[in-house]
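The values are calculated or read from the model by the stated rules, or taken from the named source; none is laboratory data. Treat the numbers as computed from the prediction; the structure is a model and nothing was measured. Ideal geometry is used to build each Cβ from the backbone, glycine not excepted, and the neighbour counts take in all protein chains shown. Protein only, heavy atoms only, side chains kept; ligands, DNA and RNA dropped before computing areas. Shrake-Rupley method; radii C 1.70, N 1.55, O 1.52, S 1.80 Å.
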Amino acid sequence: MAQEVRGVVAPGRNEPVRVETIVVPDPGPGEAVVKVQACGVCHTDLHYKQGGIGDDYPFLLGHEAAGVVESVGEGVSEVAPGDFVVLNWRAVCGHCRACLRGRPWYCFDTHNATQRMTLTDGTELTPALGIGAFAEKTLVAAGQCTKVDPAVSPAVAGLLGCGVMAGIGAAVNTGDVGRGDSVAVIGCGGVGDAAIVGANLAGAARIIAVDLDDRKLETARTMGATHTVNSKETDPVEAIRELTGGFGADVVIEAVGRPETYRQAFYARDLAGTVVLVGVPTPEMKLELPLLDVFGRGGSLKSSWYGDCLPSRDFPMLIDLHLQGRLPLEKFVTETIELTDVEAAFERMHHGDVLRSVVVLP
């Protein structure tokens, strides 16, 4: 029987979000209903609200979440009722050319639930990133549920569902940061700070944090940055080179998603170094670089989508590291809030007042 729960809906472009009654159907084949325990407030949800991702309103927001599987549909074997899970927005298919080549983190046919959640009047909702977890319960594809150790706090675990995984993965998976490497991270919001944590976890010897905001740079130091650069006051390219013996960093992670900061990343890397773009640009942005510089500097220019993660591999491993005290995920949680506080949390996030607000549900 379908259930009615509360959820946060974006009704139209730039309109304030509101808490509505959501109808969640019973899970069909390959689907699961999850009782959400916590969900982080991510910039992607704000982009949905502002119309930066699409116009298929109304949106059911929220995607950075953890909770307990309540029920599953026919044919589901990977999770069962009672399992504690982190939700992911890349449920790999196992059959596309990337999966068959042993590279499932590049899966070209990821999937979501087939059924749609609705408002009580029957209006279909578009769940953010196929999840829609600013709700007491949500319907997802079973493959979007990754089972992890239930000893972890839901408020911490859910962060792996998007921003923290994107940053850690940009360093560890895409950038392949190794022991003794020098790493620069441009943009020290949640994703950038997670990249710093990832670089530290991988054994980088020097981690240079770059931002315009001294508050963010101070936070970056607590995450493991060894040096900080305020790019409002200092040329970041020159500063990074000076801090790396005049050469540039082995890996530069761009966590802003703007042409000007990407150019900084490009020129701040060492010869044959790696640039990783994990910041998300907007459709109208263009990048111009001298082709001779691209050729002459060598190395790799990479994009990192979701940190090139494989949830079934990475989520349990990172949760285990956290429980061992080796991965300080709790540092990302600035505040815990209720569903009714999401609109205000967007404002605090926009002004840089929080690293992560997390909705916690009873």
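Under a Gaussian network description of the chain, with springs only between Cα atoms under 10 Å, the residue in Leu87, Leu212, Leu46 that fluctuates furthest is Leu212.
Residues whose amide H falls under 5 Å from that of His111, counting only those 5 or more places apart or on a different chain, are Ala91, with hydrogens built in the peptide plane. Just the number, please: carbon plus sulfur as a percent of the accessible area of region 66-122, 1.4 Å probe, no ligands or DNA/RNA counted. About 47 percent, which is the carbon plus sulfur part of the accessible surface.
For Ile207, nonlocal amide neighbours, meaning residues 5 or more places apart or on other chains whose placed amide H falls under 5 Å from its own, are Val183, Thr226, His227. Protein-only accessible surface at a 1.4 angstrom probe places the residues His351, His47 in the order His351, His47, largest first. Positive contributions from Lys and Arg (+1) and negative ones from Asp and Glu (-1), summed over other residues with Cβ under 13 Å from the Cβ of Val251, come out at -1.
The accessible area of Arg221, taken with all protein chains in place and a 1.4 Å probe, comes to roughly 110 Å².
Mean residue ellipticity, 222 nm, helices only, the chain: the sum of -39500 (n - 2.57) across DSSP H runs of n ≥ 4, divided by residue count and rounded to 500, is -7000 deg cm²/dmol. Close amide H pairs (under 5 Å, H built 1.01 Å from N) link Ala249 with Arg269, Asp270, residues at least 5 positions away or on another chain. For the chain, the spread of Cα positions along the three principal axes, ordered from largest to smallest, is 65, 42, 40 Å. Sorted largest first by accessible area at a 1.4 angstrom probe radius, with every protein chain in place, the residues Ser182, Ser153 fall in the order Ser153, Ser182. Annotation note: GluC sites (Glu not before Pro) in region 9-95 located in DSSP loop regions with a Cβ neighbour count of at most 12 within 10 Å are Glu74. Split the accessible area of region 233-312 by element, probe 1.4 Å, and carbon with sulfur accounts for 57%. The residues of the chain present an accessible area of 43 Å² per residue when probed at 1.4 Å with all protein chains retained.
Remark: accessible surface ordering of Trp105, Trp89, Trp305 (largest first) is Trp305, Trp105, Trp89, probe radius 1.4 Å.
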